[in-house]
Amino acid sequence: MRSVKIAVVIAAVIVAGGCGSHAVSPAGGASPSAATTTSCRQQYESWKHGTARTQIAALKSALRAVEAQGNADDFPGLSASLEKAGKAASAMEVVPPPKCSDPKGLYAAVMARVKASGDNARSASGLTGLLLAEAPLKGLPAIEKKLSRELNRTVGKNR
């Protein structure tokens with residue numbers, strides 16, 4: 001189940017680096033024209049440490065469980081963990097990244113793949129079903145590279 005481990009590591013990196021959507025209001029009673037524009041990096045940090053914090057923690061926990069079950073070759077546990085990761089990815093869809101940090105929508109593509117893997121695991125039966133359940137995760141390395149380049153361009157390398 002080496003491919004599960006690789007995909008989980010990549011998904012965890014994406015979640016840790018993520019991006020976000022957060023509206024920022026002007027400081028104090030200042031009029032909108034007097035307020036400074038919030039940078040994309042500030043919006044991203046606000047999302048990562050505020051708006052999406054709980055969902056990010058849940059997804060990271062679920063992905064760690066997927067990795068642990070995959071490493072232990074615990075197929076029933078892996079199936080349950082993939083389902084949990086899929087549910088966590090669904091929750092992440094509720095708090096999307098700011099458009100400025102992810103203009104190509106790559107983060108949504110990652111969440112869709114994790115969610116699909118969880119949905120597939122829910123209906124999986126046996127080892128063959130589990131292999132099919134993990135299939136959506138196999139495309140994550142390519143998406144991760146693109147998302148990493150996009151985030152470096154939009155919010156900076158030290159995210």
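Please treat every number below as a calculation from the coordinates, not as lab data. Predicted model only: the values in this text are computed from it and were never measured. Cβ sites come from the backbone with ideal geometry, for glycine too, and all protein chains shown count toward neighbours.
The table that follows gives values for the structure above.
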item	result
Length added when fully stretched, residue 94-residue 72, from 0.36 nm per residue minus Cα-Cα	4.7 nm
Inter-label distance for residue 53 and residue 116, nm, one decimal - labels placed 7 Å from Cα along Cα-to-Cβ	3.3
Integer Hz, Karplus 6.51/-1.76/1.60 couplings in order for segment 140-148, x for Gly and Pro	5, x, 5, 5, 4, 4, 5, 5, 4
Note, ³J(HN,Hα) from phi for segment 71-81, Karplus 6.51, -1.76, 1.60, rounded to Hz, x at Gly and Pro	5, 8, 6, 8, 5, x, x, 5, 4, 5, 5
Fewest-first ranking of 100, 40, using other Cβ atoms within 10 Å as the exposure measure	100, 40
Prolate/oblate/rounded call for segment 87-155, Cα gyration tensor, a/c under 1.5 rounded	oblate
Residue-wise HN-Hα coupling along segment 122-133, computed from phi with Karplus coefficients 6.51, -1.76, 1.60 (Hz; x: Gly, Pro)	4, 9, 6, 9, x, 5, 4, x, 5, 5, 5, 5
Among 76-84, 47-55, the order from most to least packed when residues are scored by Cβ within 10 Å on average	76-84, 47-55
